[in-house]
Amino acid sequence: MKNHIISAFRLTLVMLAVIGIYLLLVYGGSKVLPTKGNAEIITRNGQKYYANIGQNFSSAKYFHGRPSAVDYNAAGSGGSNKGPGNEEYLETIQKRIDALKMQNPGMREAEVPVELVTASGSGLDPDISPNGALYQAKRIAKERNLSEEEVNNLIKNQTEKPWLGLFGPAKVNVLKLNIALDQLK
């Protein structure tokens, strides 16, 4: 019995050391990231927005981000937990595709970017792909009386390249893109 207690105590100490080292590595690693592991707060017209949390933009004159399974409520992130074989989920996706094509009539025949009709695992993803933004460019240009070239250049300028050129896909932060859009004359 005494040997089991000593073994359990040793294992506990080893696990504390392993977990402690892991936490230090994660914390230290976050400090080399562009935001240093902190939230990126943007103040616009006296209101604070978190650039790393998805926002709900429903107006036709703004780019729309990913749908949210939690209605963009950062207090309770989560996905729908419905798989691709679930009939209700497939109906929801089809409704989103139909709505997206109605909102962007010039893009009816174009392939719909997947992130514009599926929620992320957290329901709070702030980014879309450059293709997701370009899909909406024609609508934005029309709504704001801009040329498509101006809108496409804005998207290009707001596209974040993979970190160190290696990690992750190119992405566009929807909040930053919409703020830059508002600043266009």
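The values are calculated or read from the model by the stated rules, or taken from the named source; none is laboratory data. Please read all numbers here as calculations on a predicted model, not as lab measurements. Please note: Cβ atoms are built from the backbone with ideal geometry, for glycine as well, and neighbour counts cover all protein chains shown. All accessible areas refer to the heavy atoms of the entire protein, side chains included, with ligands and DNA or RNA removed. Shrake-Rupley method; radii C 1.70, N 1.55, O 1.52, S 1.80 Å.
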Fill in: Within the stretch 81-124, tally of residues that are assigned to a loop (DSSP other than H, G, I, E, B) and not aliphatic (A, V, I, L, M)
16
Worksheet item: Can you tell me which residue in the stretch 8-23 is nearest to Gly37 (Cα to Cα), limited to those that are of a type outside the set (A, V, I, L, M) and open to solvent by less than 80 Å² (accessible area, probe 1.4 Å)?
Response: Gly20
Worksheet, complete the sentence: Selection over the stretch 100-139 where residues are within 28 Å of Gly168 (Cβ to Cβ), free of Cβ contacts under 8 Å to residues at least 24 places away in the same chain and out of contact with any helix residue (DSSP H, G or I) (no Cβ under 7 Å at 6 or more places or on another chain) yields a count of 3
Worksheet entry | Residue that is farthest from Glu115 (Cα to Cα) [pool: residues in the stretch 32-75 that are in a strand (DSSP E or B), in contact (Cβ under 8 Å) with a residue 24 or more places away in the chain and not charged (D, E, K, R)] | Ile42
Worksheet item: Which one is modelled with the highest pLDDT among residues in the stretch 35-49 that are surrounded by 10 or more Cβ atoms within 10 Å (Cβ to Cβ) and of a type in the set (D, E, K, R)?
Response: Arg44
Worksheet item: Any residue in the stretch 129-142 that is of a type in the set (Gly, Ala, Ser), open to solvent by less than 80 Å² (accessible area, probe 1.4 Å) and in a loop (DSSP other than H, G, I, E, B)?
Response: yes
